[in-house]
1. Among the residues of the range 129-168, which ones are in contact with a helix residue (DSSP H, G or I) (Cβ under 9 Å, 6 or more places away or on another chain) and over 23 Å from Gly107 (Cα atoms)?
2. Picking from Leu89, Leu186, Leu195, Leu182, which residue would you name as being within 16 Å of Arg73 (Cα to Cα) and buried (at least 17 other Cβ atoms within 10 Å of the Cβ)?
3. If only one of Pro58, Pro96 is surrounded by fewer than 13 Cβ atoms within 10 Å (Cβ to Cβ), assigned to a loop (DSSP other than H, G, I, E, B) and at pLDDT below 95, which one is it?
4. Could you list all residues from the range 116-137 that are assigned to a loop (DSSP other than H, G, I, E, B), surrounded by 24 or more Cβ atoms within 10 Å (Cβ to Cβ) and in contact with a Pro (Cβ under 9 Å, 6 or more places away or on another chain)?
5. I'm trying to understand the selection: among the residues of the range 77-86, which are loosely packed, with under 13 Cβ neighbours inside 10 Å and over 18 Å from the mean Cα position of the chain (by Cα)?
6. Can you confirm whether Ala83 is under 22 Å from Asp149 (Cα atoms), modelled with pLDDT of 65 or more, in a loop (DSSP other than H, G, I, E, B) and small (Gly, Ala, Ser)?
Amino acid sequence: MCLINSPFARSHLAAVGAAARPQVTPAASRRRLPGRLTLLLALASVTLLGLEPAPAAPQAKARPVLPDVQVLRDLEYVQGGHARNRLDLYLPEKAPRPLPVILWVHGGGWTRGDKTNGPAFRFATKGYAVASMNYRFSQHATFPAQIHDCKAAVRWLRANARKYGLDADHIGAWGGSAGGHLVALLGTTAGVKDLEARAATRNNPAVCRLWWTGMAPRISSRWARKTPAVTCSAATRKRTRKKPERPAR
C-alpha cells in the first residue's frame, strides 16, 4: 500500500496509462469531421421535415369516357377572336336528329375555370348535344365582354345547327356560380344594346328557349321538345311563357 501511494508509483501508472491510450492526430480529427457534419445535417432534416414524406400533389380527375358520344374540341365560335373563344361539342351518335342543345357555362369568379369541367356532359348520353364553352376572363376583357361571348356562342350554335344536327329552336343554357350569373343575363337581356355584341342581328338572336341556372334539369329526351318555351321579346323585353300540350297516353 505504501508503494502504490508513493509519488513514484503514481507517476509510473500515469505514464503507462498515457502510453496505452490511442493518440489522435489533427489529421484524424479532420477525417472524422465530415462524418459528424453529415450526421448533424441528417438529424436537422428529420427535425425540420418530419419523419413522414410530404404528400404528393393531387392529380386532376380524368373525365369519364362517354359511350357513343362524338366529341369535337376547341371549335372557334368567334372567328379570329380571343384564345378562349372556343367550345367543345358533345354529340350523341345514336340519338335522332336534330338534337336539343345544352350550353354549359363554367364558373370561377370570372377569373378562372375551364370548359373541360362540369356536370352537363352526362346529358350527352341521354339524347342531348352539349356545348361547353370558355369565355374571356375579367383580366382579359372587362364586363360586358363575358356576356358578349356567351351570346356569340349561342349565335354560333344557331348558325351551325344544320351542320352538326342541332335543334336551333331548343337551346338551353346551364351554368354554375359565375356561369349561372352569365346564363341569367343570357336569358333576360335580349335586345339590351349595351349587352349585345356588335355582331348581333335580328335574324340570329342570342335567346334560348330553356334556361337552367341551378340544379341539373330533370328532363328526359322524350320531353325535350315538349318543355315550356321561355323567351324574351326584343321589342318589349317581357317574358312570355307558353304551356305545351301534354301528349295523350
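1. Tyr164, Leu166, Asp167, Ala168, listed by residue number.
2. Just a single option satisfies the conditions, and that option is Leu89.
3. Every option except Pro58 fails the conditions.
4. Tyr128
5. Matches in the range 77-86: Gln79, Gly80.
6. Yes: the conditions hold for Ala83.
The values are calculated or read from the model by the stated rules, or taken from the named source; none is laboratory data. All values reported here derive from a predicted model rather than from experimental measurement. Glycine gets a Cβ as well: all are built from the backbone with ideal geometry, and neighbour counts include every protein chain shown.
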